[in-house]
Each structure stands twice: as structure tokens, then as C-alpha cells.
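The values are calculated or read from the model by the stated rules, or taken from the named source; none is laboratory data. A quick note: this is a predicted structure, and the numbers were derived from the prediction, not measured. Glycine also receives a Cβ, built like all others from the backbone with ideal geometry; neighbour counts cover every protein chain displayed. SASA here: full protein model, heavy atoms, side chains in, ligands and nucleic acids out. Shrake-Rupley method; radii C 1.70, N 1.55, O 1.52, S 1.80 Å.
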Amino acid sequence: MNSMKKVLVTGGAGFIGSHTVVELVAAGFEPIIIDNLCNSDISMLDGIEAITEKNIPFFNIDCTDLDAMMDLFQHHGPFLGVIHFAAFKAVGESVAKPLAYYHNNINSTRVVLECMAHFGVKNLVFSSSCTVYGQPKENPVSEKTAWMSASSPYGYTKQVCERMIADTSLGSNLSSVLLRYFNPIGAHPSGLIGELPLGVPENLIPYITQTAAGLRSHLTIFGSDYNTPDGTCIRDYIHVVDLAKAHVAALSWLEKQSPICEVFNLGSGNGNSVKEVIDTFQEVNNMPVNVVAGARRPGDVEQIFASADKAKEILNWGCELTLADALKDAWTWQLKLQE
Ligand code: NAD
Ligand code: UD1
């Protein structure tokens, strides 16, 4: 293995990590996955390997375990860089279990930074979130938009991790990119990898696909009285394959930089309402979804969508896939899950 193409992908068995591993292989990198499978299934590896036709090294390690991580860096490095996905990610769950979120998200990032410093690994790509902006005063939000207070412990862990990485970058050799994802959706068009929501989904798209599949009786729209054109919340939905490609672009860019810490929004630049998403899903898949209007969900922001101009300008990255593509691929994945 050409060591300078080796990329450590933490949380690589998860939704965004698995798609990124596929794109890393396509771009000539050699990903190594670590994941403790707390929110994923080992079968995701089969999907990745079927798409890439490669065996991807996998290690079942908890990123908060400093000794195990040091050992991995020692015996499987040197790495060109690390893409750090491993974290808990459910907003509502973070309100119920804040300490679990502070422990997992913050300690895993601290351990990754310690190992990188110890072994002289220079490049870090970090999974942040648009949730760091809170409810912005204006849309679209750019990287310069001021942060409002985080609306959940999950959001706060992303603010803390961003700060921790920025602080570590100062006066060190670390080069980092903080990627603020908007709403990642969809699945690989092959239907071989996708999102594995455990239990009752909290997110809109898996709830739509499970309702269309008859696994849920109906989808509740959380609030129809917002100050938006059709009264429902607006988000910026981005196809997970486009998102995965942005990680390759970020890593390739980082390779050529002197120590730096840059932040990029990753969204489509379009705001779509909940109703528009449901209508598009029904139209492209020709599948009805039983919908009822419900109360607002506590903690939801009314509307947020990205300006992704900076990523276009500096990383030469932009979305190639549409909301309709993502909703088609999400449905193909749902059907595959039921086989
Ligand atoms: P996911 O849960 O599908 O993937 C995360 C993976 O990390 C899982 O496979 C899980 O088993 C693993 N993991 C978690 N803690 C770990 C630990 N301590 N050690 C080893 N492995 C661990 O989530 P995802 O949607 O792929 O999200 C990836 C990253 O992107 C997360 O950091 C998340 O906060 C961030 N993010 C996600 C979204 C989204 O809506 N999906 C939006 C913004 C940011
Ligand atoms: C939020 C965070 C995002 C985080 C993600 C992880 C913000 C702005 N975004 O996304 O950073 O990574 O959680 O879970 O905080 N909806 C319904 N009915 C449903 C489910 C959802 O109407 O059954 C609506 C929601 O009210 C929201 C939209 O659909 O308006 C999208 O919701 P969801 O998919 O949960 O994502 P966010 O909450 O936007």
C-alpha cells in the first residue's frame, strides 16, 4: 500500500462515511475504516466492497480509546490524513442524553487530534454541521454568518469540536477543513449502501420512505404555520454522493496547503420546504405518502439554507445531483432494505 495515499476514515461504516470511502477509492486514495458499529452495521462493508471491488481494511475501534487509537496509528500508518466522521448525531437524543454526546463527540475528536500530533499526521477533514449556526437571522448563510447559541447539546458538541480543531491548528503543523453539512439525504445509486436508521427514524427522508413502504402509518409534518411560503420549514437538502465527493475535494486541496484551518458550507444553495420534499418524493417515485399536519417540533429552526460559493471557488466543488435524484435513490435503498 502506498502509505502517502492512506486515509484514516473514522465512522467509515456510517451513512456519510461509507459513501466517502467509495469516492476516496474512485479518486485513488486508500481508505482504512475504523468504526465501533454503535450506529452502523458491518454489512455496510459488503456494500462498499461490492461497489469499489476492493477489500477495505476495517478495525472495530472506539475513537475515544486513546491507547487503541495510538496503536492503530503506530501499526497502520503513516496516514496522509484523517477524515473524522465518528460521532453521535441525533439532535433529539442529545437533549435526552447530553453526557453521552459530550463524551463521544468531544473525546473522539480530542483523541484523533492527539494521535495526529503524536504521529505527525498533517491533514484533517472534520464533519461539522449547519446546526452550529442555530437559527440564522438571514438566509442563505455563509461561513461568515455569526453563530447563534446552539439549540441542542449535539449542536454544541460541533461548536466545541470546531473550536478545539481551530485552537490546535494555531502554532502547530495541523491543516484542517471543517465541513458544515446542511441536510444530507439519498443513497448510493447502486442501492448497495445508504442510511440505516435504527428504530423509529427522526429525520424526514427515512420517515417518508418508511411511510411509503407501509412500515409507518403516516408522516407527521412538524408545523404548517411557519413564516415560509407554504408554512412548513425550509432546509437545504444535499445528495450524500455529492457530499462524499466534497471530502475528496477537501483532502486533495489540503494536501497542497501549508498549515491552515478553513471552514466550508456544504449545501445545494436551494431551500426546500417539507411539503415540497414530500411532493417531489411522490412525483418521482409515483408512490403516495400518507401525511398528517402536526405541531411544531421543539428545537426546529424555521429555515436555513447555504451559500456554498466558497466551496465552489476554493475546492472547485458543487452539487451535481438534484433533490429528485436523492429522493429516487432513497426509495431504491428503502426497497433494498426490505429484500
Ligand atoms: P452515522 O451514525 O451513520 O455514522 C457515524 C459512524 O460513526 C457510525 O458508523 C458509528 O457507528 C460511528 N461511531 C460513532 N461514535 C464512534 C466512536 N466513538 N468510535 C468509533 N466509531 C464511532 O452518521 P452520519 O450521518 O454518517 O454522520 C457522520 C458525521 O457527520 C457525524 O459526525 C455527524 O454528526 C455529521 N453530520 C451528519 C449530518 C446528517 O444529517 N447525517 C448532518 C451534519 C453533520
Ligand atoms: C438537524 C440539524 C442537522 C443534523 C440533523 C441530524 C438543523 C438546522 N439541522 O436536521 O445539522 O445533522 O438534525 O438529525 O438543526 N420533519 C417533519 N416530519 C418528520 C421529520 C422531520 O416534518 O417526521 C421536518 C422537520 O421539522 C424539519 C425537516 O423535516 O423541518 C427536516 O428534519 P430532519 O430530517 O430531522 O433534519 P433537521 O432537523 O433539519
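Residue 189 passes every criterion in (1) open to solvent by 10 Å² or more (accessible area, probe 1.4 Å); (2) more than 20 Å from residue 237 (Cα to Cα); (3) modelled with pLDDT of 95 or more; (4) away from ligand 2 (no atom under 15 Å from the Cβ) apart from (2). Close contacts from region 90-103, counting a first residue that is among the small types (Gly, Ala, Ser) and a second that is open to solvent by 70 Å² or more (accessible area, probe 1.4 Å) and within 15 Å of ligand 2 (Cβ to nearest atom), with Cβ to Cβ under 6 Å and a gap of 6+ residues or different chains, come to 90/202; 92/202. The residues in region 209-242 that are closer than 22 Å to residue 15 by Cβ and acidic (Asp, Glu) can be counted, and the count is 2. The single condition among (1) without any contact (Cβ under 8 Å) to a residue 40 or more places away in the chain; (2) within 17 Å of the chain's Cα centre (by Cα) that residue 256 does not meet is (2).
So which of 318, 294 is closer than 25 Å to residue 12 by Cα and open to solvent by less than 30 Å² (accessible area, probe 1.4 Å)? On inspection, the qualifying residue turns out to be 318. Restricting attention to region 110-138, the residues being within 19 Å of the chain's Cα centre (by Cα) and either within 22 Å of residue 199 (Cβ to Cβ) or within 16 Å of ligand 2 (Cβ to nearest atom) (or both) number 9.
Among residues that are open to solvent by 40 Å² or more (accessible area, probe 1.4 Å), in contact with a helix residue (DSSP H, G or I) (Cβ under 6 Å, 6 or more places away or on another chain) and closer than 17 Å to residue 14 by Cα, residue 195 is not included. With respect to the conditions (1) within 16 Å of ligand 2 (Cβ to nearest atom); (2) closer than 20 Å to residue 185 by Cα; (3) open to solvent by 20 Å² or more (accessible area, probe 1.4 Å), residue 17 falls short on a single one, namely (3).
If you go through region 148-178, how many residues are aliphatic (A, V, I, L, M) and within 12 Å of ligand 2 (Cβ to nearest atom)? Count: 2.
The numbered conditions (1) surrounded by 15 or more Cβ atoms within 10 Å (Cβ to Cβ); (2) part of a loop (DSSP other than H, G, I, E, B) are all true for residue 144 except (1).
Among the residues making up region 20-30, those that are in contact with a Pro (Cβ under 9 Å, 6 or more places away or on another chain) and either within 16 Å of ligand 2 (Cβ to nearest atom) or open to solvent by 20 Å² or more (accessible area, probe 1.4 Å) (or both) are 20, 25, 30. Of the residues that sit in region 204-254 and are charged (D, E, K, R) and open to solvent by less than 10 Å² (accessible area, probe 1.4 Å), which one is farthest from residue 299 (Cα to Cα)? Residue satisfying both the conditions and the ranking: 242.
For region 104-135, what are the residues that are aliphatic (A, V, I, L, M) and either in contact with a His (Cβ under 7 Å, 6 or more places away or on another chain) or without any contact (Cβ under 8 Å) to a residue 24 or more places away in the chain (or both)? Passing the criteria: 112, 124, 125.
Figure legend. Inter-residue proximity from region 313-339: first residues closer than 19 Å to residue 244 by Cβ and touching a residue at least 12 places away in the same chain (Cβ under 8 Å), second residues aromatic (Phe, Trp, Tyr) and not in a helix (DSSP H, G or I), beta-carbon distance below 9 Å, spacing 6+ or different chains. Indicated pairs: 314/264; 315/264; 317/264; 323/237; 326/237; 327/237.
From 42, 33, which residue is within 20 Å of the chain's Cα centre (by Cα) and open to solvent by 60 Å² or more (accessible area, probe 1.4 Å)? Answer to the check: 42. Entry remark, region 295-331: residues being out of contact with any Gly (no Cβ under 9 Å at 6 or more places or on another chain), among the aromatic types (Phe, Trp, Tyr) and more than 21 Å from residue 220 (Cα to Cα) number 1 in total.
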